[in-house]
1. Once a ≥ b ≥ c are taken as the square roots of the eigenvalues of the Cα gyration tensor of region 50-101, is the result rounded (a/c under 1.5), prolate (a/b larger than b/c) or oblate (a/b not larger than b/c)?
2. According to the Kirkwood expression over distinct Cα-Cα pairs, how big is the hydrodynamic radius of region 438-479, in Å?
3. Just check region 353-500 against the gyration tensor rule for me: Cα atoms, a ≥ b ≥ c as the square roots of the eigenvalues, rounded for a/c under 1.5, and otherwise prolate or oblate depending on whether a/b exceeds b/c.
4. In percent, how large is the relative contact order of region 23-68, given Cα pairs closer than 8 Å and 6 or more residues apart?
5. Which GluC sites (Glu not before Pro) from region 399-457 combine a DSSP loop assignment with at most 13 other Cβ atoms within 10 Å?
6. Where does each of 366-373, 417-424 land if you order them by average Cβ count within 10 Å, highest first?
7. Name the residues whose placed amide hydrogens come within less than 5 Å of the amide hydrogen of residue 51, ignoring near sequence neighbours (fewer than 5 apart) on the same chain.
8. Just to confirm the number: angle between the C-alpha axis of helix 450-469 and the first principal axis of the chain, 0 to 90 degrees, nearest 10?
Amino acid sequence: MEKRKSIILVTVDCLRADHVGFMGYVRPTTPFLDSLAQDSFVIPTAIVAGAPTYYSLPAILASRYPLALGRDVLGIGPDEPTLASVLREAGYRTAAFGAANPYISPRFGYDHGFDTFRDFLESEPAPLVAKNVELQIGQGWASRLNHHLQRMRPAMGPLGPLYDEAYFRYCQQVTPVPDSLDALRRFPAADQIVEHACEWLASAGNAPFFAWLHLMDPHSPYYPRAEALASMGDHPVAPFEARYLNSYWNRSDLKSRRLARRRDEIVRLYDGGIRWVDGQIAQLVRKLRAANIWDDCIFALTADHGEEFLDHGGRYHPPSRLMEELIHVPLLLRIPGATKNDVSKAPFSLLHLAPTLLEAASVPAPGEFRGRSYYRQLGKGEKFDSVAISECVAGCTNPFSPFNRMGPRVLSVRESRFKLMFYFDTQGDVLYDLDADPHEQKPLATTEHRAERRRLLEIAREHLARSYGDRDWKAQVRARLRDHRLEWTDSTPKISAAAS
Ligand SMILES: [Zn+2]
């Protein structure tokens, strides 16, 4: 009997498609993954089903749209089948190692299906740059003067921006600086996550396994390992400079034009995070090869969403607009035994990733999965024509509060050429022709391409109708009870021990 293949899934937070070498990026961010891409399927237009993390991962792990259980539900529903739970039932050993992303935790159901689940949230992260500044300048006459001036800030009129600038510089100067970038980083770096995964693999016996690694190195604040910058040929960045850049980039008082002056330096730090991820994946693969496991491993690398660097005037990855820099991610699929082919340029929703991985491992996908497998099309090099839908709740940057989750939806419907963005707050729809305008700078007038607009609106309407029609109301209630640390029973909900 043929040995069953193991699956390794690596999701890299904030990794946009156009910053990896195998997608054409000119800087050397991913030399190892580029070499792996020679024998892998590279999906040119992989699209997340939502952004950021909490609107993306339900599709990757549970193959369903992020708002399918209702806007108020975050994460994986209790007992919802996922890649992990299906593989565990099929006899796989399962483990997840996440680099302290607060949304990827048992509270939101992400441990479901995993024998081992490590989120590293127990380790205290370094304080936020802004908080750090506040803490450090709490004493002394200069601080008292600043507090006084801050109170007067609203009345300063045209002098306000000058005060903001002076205050920013003052904070940078008075806050002590650690002696390495490592002390500023807020998340465990990829080497730590890979090391834990390798330890688990070494002690896990001979059954096939599913390992999920979620890496945060490219996530802001951008503090890459110094070695990563050096291996890209970049000049070293001192901790003071790196902190200054991150604080500058985080300023809310600056317009895009001033932020843009430091954009390239910030992107260099971001790229350094990607390079570190690449090197650690190389280590992981080296160990798997040494243990004679690699030849039986399906390997998938993708991202939960991208990152904006003023492409549309914004920064980071807030859920407000689903532009390409946020929804287009890399997807590399290495399937032992499959013949590498060029892959269709049509959008490939990450909704289809879990069923595709399951078929590659010859494990049946559950009926609840909304995506379908593209394994055969990839293997045969067949063209496919598909539509990718992405959705999020506008402005929900802090979903820990259920109230924040109830804002208006944003929906994007992306075909190969046309993309429709639908904003539910203003009921406005905006159409782009990505062939003529790949960076989405010129929305089409309502008089142009009316048939395409109508077709994409119809797809959006069908998506919403299906999403309400399919809704599992019991799962929705159970997920909300979990949010309140309550437990579902068949009669009345009761307080669980976890709440105490
Ligand atoms: Zn994320």
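Read the figures in this text as sums done on the coordinates, not as results from a lab. Note that the structure is a prediction, hence the values are computed from the model and not measured. Don't worry about glycine lacking a Cβ; one is built from the backbone with ideal geometry, like all the others, and counts go over all protein chains shown.
1. Because a/c hits 1.5 or more and a/b fails to exceed b/c, region 50-101 counts as oblate.
2. Details: mean 1/r = 0.0766 Å⁻¹.
This gives a value of 13.1 Å.
3. oblate
4. Details: 21 pairs, mean separation 10.5, N = 46.
So the answer I get is 23 percent.
5. On the way: sites: 415, 440, 448, 452; in loops: 415, 440, 448.
Counting only loop positions with at most 13 other Cβ atoms within 10 Å, the GluC sites (Glu not before Pro) in region 399-457 are 448.
6. Result, highest mean first: 417-424, 366-373.
7. 391
8. 80 degrees
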